[in-house]
Amino acid sequence: MSSQGPIRVLICNRYTLFREGIRALLGEGIPMDVVAEACTAGEAILMVERLHPDVVLLDATTPDASGSESTRRMKAVDPEVSVVILSMNDDEILRQRCLEAGADGFVSKEDQAWHLKRIINNVCGRHTRTA
């Protein structure tokens, strides 16, 4: 990924309202462009193959696959894509499984927005200063 231009993001979560919220949040400040949204891991994998986003924000549990399995499949399709897992809880076993599968980051849905943005920047090689 080039350090020029906005970070290209794919959001994968079954809930429309959640995806819309993340899209709105990412539109503030850091140059990020949501290139696609998916409800299932299967849809997201097809979009990764077709669109080659810089990062996928992947729900830890999609209706059709676990976060670790989805990560493995995405990395097989595009080894350069960064995968950030979004989870309802900060389960250490879940975190470890996803990271072992190739996830580049793990964020609890209880974290603040700045933390998610910082993780996205870091996994994409763009470092930001924190206040």
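Any residue at all in the range 88-100 that is aliphatic (A, V, I, L, M), within 21 Å of Ala24 (Cα to Cα) and in a loop (DSSP other than H, G, I, E, B)? Can you show your working first?
Quick first cut of the range 88-100, residues aliphatic (A, V, I, L, M) only: 88, 93-94, 99.
Now drop any that are not within 21 Å of Ala24 (Cα to Cα), which leaves 88.
Of the ones still in play, those that are also in a loop (DSSP other than H, G, I, E, B) are 88.
Scanning the range 88-100 turns up at least one residue that is aliphatic (A, V, I, L, M), within 21 Å of Ala24 (Cα to Cα) and in a loop (DSSP other than H, G, I, E, B).
How about the range 6-20: which of its residues are open to solvent by 40 Å² or more (accessible area, probe 1.4 Å) and farther than 15 Å from Ala60 by Cα? Don't jump to the end; show me each part of the working.
Restricting attention to the range 6-20, the residues satisfying the condition of being open to solvent by 40 Å² or more (accessible area, probe 1.4 Å) are 6, 8, 14-18, 20.
Hits for the range 6-20 are Pro6, Arg8, Thr16, Leu17, Glu20.
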If you scan the range 60-85, which residues turn out to be open to solvent by 10 Å² or more (accessible area, probe 1.4 Å), under 20 Å from Arg14 (Cβ atoms) and of a type outside the set (Lys, Arg)?
-> Thr61, Thr62, Pro63, Asp64, Ala65, Ser66, Ser68, Glu69
Looking at (1) more than 12 Å from the chain's Cα centre (by Cα); (2) without any contact (Cβ under 8 Å) to a residue 60 or more places away in the chain; (3) not in a loop (DSSP other than H, G, I, E, B), find the lone condition where Leu25 falls short.
-> (2)
Residues in the range 21-50 that are open to solvent by 30 Å² or more (accessible area, probe 1.4 Å) and modelled with pLDDT of 95 or more: how many?
-> 9
Selected residue (criterion: modelled with the highest pLDDT) from residues of the range 85-131 that are of a type in the set (S, T, N, Q), over 21 Å from Asp33 (Cβ atoms) and touching a Lys or Arg at 6+ places or on another chain (Cβ under 7 Å) | Ser87
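I'd like to verify a number: residues in the range 28-50 that are not aliphatic (A, V, I, L, M) and not in a loop (DSSP other than H, G, I, E, B), how many?
As a first pass, look at the range 28-50 and keep what is not aliphatic (A, V, I, L, M): 28-29, 31, 33, 37, 39-40, 42-43, 49-50.
Checking the rest, the ones that are also not in a loop (DSSP other than H, G, I, E, B) come to 33, 37, 42-43, 49-50.
Of the residues in that region, 6 qualify.
The values are calculated or read from the model by the stated rules, or taken from the named source; none is laboratory data. Remember, it's a predicted structure, so these values are computed and weren't measured experimentally. No Cβ is skipped: glycine too gets one built from the backbone with ideal geometry, and neighbour counts run over all protein chains shown. Surface areas here come from the heavy atoms of the whole protein model, side chains and all, with no ligands, DNA or RNA. Shrake-Rupley method; radii C 1.70, N 1.55, O 1.52, S 1.80 Å.
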